[in-house]
Amino acid sequence: MPKGNRQPGRCVLAGAAWLAVVLAFQLAAQPGRPEEVAGAALIEGARPVVVAWGDGVREWPAGGGSVRHFLQGRRFSAGCAAKDGTLYLLEGRRLMRFARPYAEGRELEADTEFQDCLAWTMDGRAGVLAPHLHLLLRFYVEGEAAKDLYSIYTPSKQGGLMERDVDGDGRMDLIWGNYWLERPREAGGHWRLFAINLFHEEEDSALARMAWGGGGLYWGAASGKARLAWMKPPGDVRQIWEAEMIEDAPVGIR
């Protein structure tokens, strides 16, 4: 395992592990074939709930209770959730928005593919950030034209998307696949792209799963070659990050 103090990392991963345990118990308690889960989130509030999507959408009270089913008969392969419970889901090749209580949604993109998305607010507008066709970072708001943030051309599709103040200037940046993007100082300014690693040998090499902890980034391959690394930002975060490979990495980290 990586060296040094990892207590913060354990705290971050504990939340994901707790969510996985909740879902495992809930799914195991259901008769018949378990429905597939493509993603899940904890929606906090006065009455926190766990929401999962895949074969339809399901919701449980976080403290225990009966499951509620929504959008049954529909299949979602990827997605993300906003703090208020709004879901952004990939159905076939359509990016859809579903507000609570989940019923008929609104189409945001008719023809796309992505592994991950991020419920996000830009210039005071709430929407979703998604890597359109895995290579174009695009921001969607219902009723408005999509805004392109950055388009890249690499040997690999880009996956894994998270918000983080990478350069310590008090403004939230983005980490995406092999890269991090520096937030512009003024609204409407240009984002700047910097490589954090060179894991892009094959078409799916940069489809990553990520978690932040211990002052660095856990970066795992979602498909292709088995790879898991703990990456520490260097003194100059615009340079390639130090990568400490973790042995016996599983294939296809989810």
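Some values worked out for this structure:
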read-out	value
Check on P234, under 29 Å from M122 (Cα atoms), in contact with a His (Cβ under 7 Å, 6 or more places away or on another chain) and loosely packed, with under 15 Cβ neighbours inside 10 Å	no
So G65, is it modelled with pLDDT under 95 and out of contact with any Gly (no Cβ under 6 Å at 6 or more places or on another chain)	yes
Residue among D116, D148 that alone is closer than 29 Å to A195 by Cβ and open to solvent by 40 Å² or more (accessible area, probe 1.4 Å)	D148
Residue satisfying all of: in the stretch 201-254; β-branched (V, I, T) and touching a residue at least 40 places away in the same chain (Cβ under 8 Å); farthest from I175 (Cα to Cα) among these	I246
Any hit, the stretch 124-131, residues being over 20 Å from A41 (Cα atoms) and in a loop (DSSP other than H, G, I, E, B)	yes
Residue in the stretch 59-90 that is nearest to V37 (Cα to Cα), counting only those that are open to solvent by less than 50 Å² (accessible area, probe 1.4 Å) and among the hydroxyl-bearing types (S, T, Y)	Y88
Boolean, E244 is farther than 23 Å from E109 by Cβ, open to solvent by 50 Å² or more (accessible area, probe 1.4 Å) and in a strand (DSSP E or B)	yes
Odd one out for E201 among (1) out of contact with any Asp or Glu (no Cβ under 9 Å at 6 or more places or on another chain); (2) buried (at least 20 other Cβ atoms within 10 Å of the Cβ)	(2)
Subset of the stretch 206-225 [open to solvent by 40 Å² or more (accessible area, probe 1.4 Å) and either more than 19 Å from E182 (Cα to Cα) or part of a loop (DSSP other than H, G, I, E, B) (or both)]	R209, G215, G224, K225
Residue check for I175: assigned to a loop (DSSP other than H, G, I, E, B), open to solvent by less than 70 Å² (accessible area, probe 1.4 Å) and of a type in the set (V, I, T)	no
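Residues are listed down the side, and each one gets a yes or a no for (1) modelled with pLDDT of 95 or more; (2) of a type in the set (F, W, Y); (3) in contact with a helix residue (DSSP H, G or I) (Cβ under 8 Å, 6 or more places away or on another chain):
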{"position": "R125", "(1), (2), (3)": "no, no, no"}
{"position": "L129", "(1), (2), (3)": "yes, no, no"}
{"position": "L135", "(1), (2), (3)": "yes, no, no"}
{"position": "R138", "(1), (2), (3)": "yes, no, no"}
{"position": "G143", "(1), (2), (3)": "no, no, no"}
{"position": "Y153", "(1), (2), (3)": "no, yes, no"}
{"position": "K157", "(1), (2), (3)": "yes, no, no"}
{"position": "E163", "(1), (2), (3)": "yes, no, no"}
{"position": "I175", "(1), (2), (3)": "yes, no, no"}
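Okay, residues lined up against (1) farther than 29 Å from F98 by Cα; (2) among the polar types (S, T, N, Q):
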| site | (1), (2) |
| --- | --- |
| K147 | no, no |
| S156 | yes, yes |
| N178 | yes, yes |
| G188 | no, no |
| L193 | yes, no |
| W212 | no, no |
| G216 | yes, no |
| P233 | yes, no |
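The values are calculated or read from the model by the stated rules, or taken from the named source; none is laboratory data. A quick note: this is a predicted structure, and the numbers were derived from the prediction, not measured. As a convention, Cβ positions derive from the backbone with ideal geometry for all residues, glycine included, and neighbour counts pool all protein chains shown. To get the accessible areas, we keep the full protein, side chains included, count just its heavy atoms, and leave off ligands, DNA and RNA. Shrake-Rupley method; radii C 1.70, N 1.55, O 1.52, S 1.80 Å.
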